[in-house]
Amino acid sequence: MDTQTILNEMSLIFREVLKRENIVLDNETTAQNVEGWDSLTNMQLINKIEKKFNVRFTFRDIVKLKNVGDICHAILTKTN
């Protein structure tokens, strides 16, 4: 699995959770760049991402995630 594959899958998850079809993610995307991405939807996103990629994030992991690139890196680390 590579970063682009993860980004594509995460884009689908973001579109589903946030109910917005026009979301395009890149490594630098943050909650400030995406309308509707708040603390509540963040937990929904994390939950769906964990299920999709069969990974578990600890509280410490989640606190360190600053952008979509950090999430991709964490997924790659946990799946390799």
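FYI, it's all coordinate maths here, none of it is from the lab. Owing to the predicted nature of the structure, the values given are computational and were not obtained by experimental measurement. Note: ideal-geometry Cβ built from the backbone for every residue, glycine included; neighbour counts use all protein chains shown.
Taking the range 24-41 as the region of interest, how many residues are assigned to a helix (DSSP H, G or I) and not hydroxyl-bearing (Ser, Thr, Tyr)?
Selection size over the range 24-41: 4.
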If I filter the range 11-30 for residues that are within 17 Å of THR79 (Cβ to Cβ) and hydrophobic (A, V, I, L, M, F, W, C), do I get at least one hit? yes
Going through the range 11-23 in order, the residues found to be over 15 Å from ILE71 (Cβ atoms) and either in contact (Cβ under 8 Å) with a residue 60 or more places away in the chain or in a loop (DSSP other than H, G, I, E, B) (or both) are LYS19, ARG20, GLU21, ASN22
Across the range 42-61, the tally of residues that are outside any loop (DSSP other than H, G, I, E, B), closer than 20 Å to GLU16 by Cβ and of a type in the set (A, V, I, L, M, F, W, C) stands at 5
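Somewhere in the range 28-35, is a residue among the hydrophobic types (A, V, I, L, M, F, W, C), in contact with a Leu (Cβ under 8 Å, 6 or more places away or on another chain) and in contact (Cβ under 8 Å) with a residue 12 or more places away in the chain?
Yes, the range 28-35 contains at least one residue that is among the hydrophobic types (A, V, I, L, M, F, W, C), in contact with a Leu (Cβ under 8 Å, 6 or more places away or on another chain) and in contact (Cβ under 8 Å) with a residue 12 or more places away in the chain.
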Going through the range 36-70 in order, the residues found to be more than 20 Å from MET1 (Cα to Cα) and in contact (Cβ under 8 Å) with a residue 24 or more places away in the chain are THR41, GLN44, LYS66
Taking the range 62-73 only, how many residues are within 21 Å of ILE23 (Cα to Cα) and in a helix (DSSP H, G or I)? 6
Positions within the range 34-62 being farther than 15 Å from MET10 by Cα and surrounded by fewer than 16 Cβ atoms within 10 Å (Cβ to Cβ), in sequence order: GLU35, GLY36, ASP38, SER39, LEU40, ARG56, THR58, PHE59, ARG60, ILE62
Listed residues GLU9, GLU28, GLU16, GLU21; which is within 10 Å of the chain's Cα centre (by Cα) and acidic (Asp, Glu)? GLU9
